[in-house]
Amino acid sequence: MTQTPSDSAQPLDPHHGKRVLVAMSGGVDSAVAAVLLQRQGYDVTGVTLKLFDRSTEDDIATRSCCSLESIEDARRVCHLLGIEHHVFNMIRTFENSVITPFVDAYRSGLTPNPCVECNRTIKFDELLKKARVYGFDYVATGHYLRNAFDPATGLYHLRRGRDDRKDQSYALYMLTQDQLAHLLFPLGELEKTEVRRIANEAGLRVHNKPDSQEICFVDGRYSEFLRETSGEIAQPGPMVDLSGQVVGQHTGIVDYTIGQRKGLGAFGQPTFVIDKNATTNTLVVGPNEALFNDRLLADHANWIIPVASGTTLSAKIRYSAKPAPCRIELIPNGGGEHGSEAGSQTGVQVLVTFETPQRAITPGQLIVFYQDDEMIGGATIRTGPTYGK
């Protein structure tokens, strides 16, 4: 007898009934993620995270990922798709897990990446935990990268998004195998232009909405936000050359980034920020060649795929950088070598040696490792310039 869908033991669509919670910022990427998953047969629900309260500030309230306007944009998309939409209040968690560590890092002279910390603690930890408690099988986002399971090894592999200009693998190195088993990234195979086309054809008014700003809780310069939040870390101090001689005064080390040239004053030759010392409130300046180094030390590594000490990989020292060939050495507790396991390794340092020197290695930023188009893992940079050594 011919079997019909109504009396079939299994649904014809393998995704039918699988519940997925889509993190919706109000932008085009997360909206299209919801559209695609719904078309694939998933039971889709949208959620927007309320991370801070800036509703009274008009400038940021219209552009932030959790502004009132963005929440309404996400709600309208869900209404058009006929799916539920929720708002989760995570203001206190975001303050404690992202904003406070951001300020503390600058207080220590580091240059942190709060977007990565938000991914680590909010989107792929707290949100995923809530989703699983509420019975969802997956959490999905509009990130541009590809997540694939290899049954031969039992491991999930993260690969760069097809659109090189939008690839976001750098910001997701902290994911674990357990998390990857419950995460979907529907846009990994798409170009941004294709995403906007899908949104337009689906009748979504966000199809031409500009991309959100880099850091949602900072409107304008970081230094202005830090001065408002913690004025003591923005005090004037000495500007010295590589020999330690005072050559000027800075306005506060939070006003400067390693590699910066603009705003230092006239020195008669091109001069750049080489280092920042929060302990002495000193800014070190020098020639461009002093910014290059072929080695760095990193810690708090997370490996999505295990690697062995001595492995040759490629690495990016900032989001916009191109992956550069390097060799890694894994150093547990200050000595020895060993291989890594998948997951976090807080007690292991990573010594990285590049084939060619890299410019403006910045403590507090991230180094993320690749093998071809696969993202292997990453760590936090701890050492920068080696001038005077």
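Tell me, in nm to one decimal, what length is gained between E191 and E329 on full extension, where the rule is 0.36 nm per residue of separation less the Cα-Cα distance?
Working: separation 138, 0.36 × 138 = 49.68 nm, distance 3.57 nm.
Gain on extension, E191 to E329, equals 46.1 nm.
Semi-axes, largest first, in whole Å: what does sqrt of 5 times each Cα gyration tensor eigenvalue give for segment 235-286? Before the final figure, lay out the partial values.
Numbers: eigenvalues 45, 28, 19 Å².
Each semi-axis is the square root of five times an eigenvalue, giving 15, 12, 10 Å.
Equivalent ellipsoid of segment 73-158: semi-axes from √(5λ) of the C-alpha gyration tensor, largest first, are 27, 22, 13 Å.
Estimate the FRET efficiency between A278 and A152 by the formula 1/(1 + (r/R0)^6), using the beta-carbon distance for r and 45 Å for R0, to the nearest 0.05. Each step should come with its number before you reach the end.
Values: r = 48 Å, r/R0 = 1.07.
My answer for the efficiency is 0.40.
Please find the FRET efficiency linking R92 to T353, where r is the Cβ-Cβ separation and R0 is fixed at 41 Å, and quote it to the nearest 0.05.
Working: r = 42 Å, r/R0 = 1.03.
So the FRET efficiency works out to roughly 0.45.
Coordinate-derived values only; no laboratory data. If you're wondering where the values come from, they're calculated on a predicted model, not measured in any experiment. For neighbour counting, all protein chains shown are included, and Cβ atoms are generated from backbone atoms with ideal geometry for every residue, glycine included.
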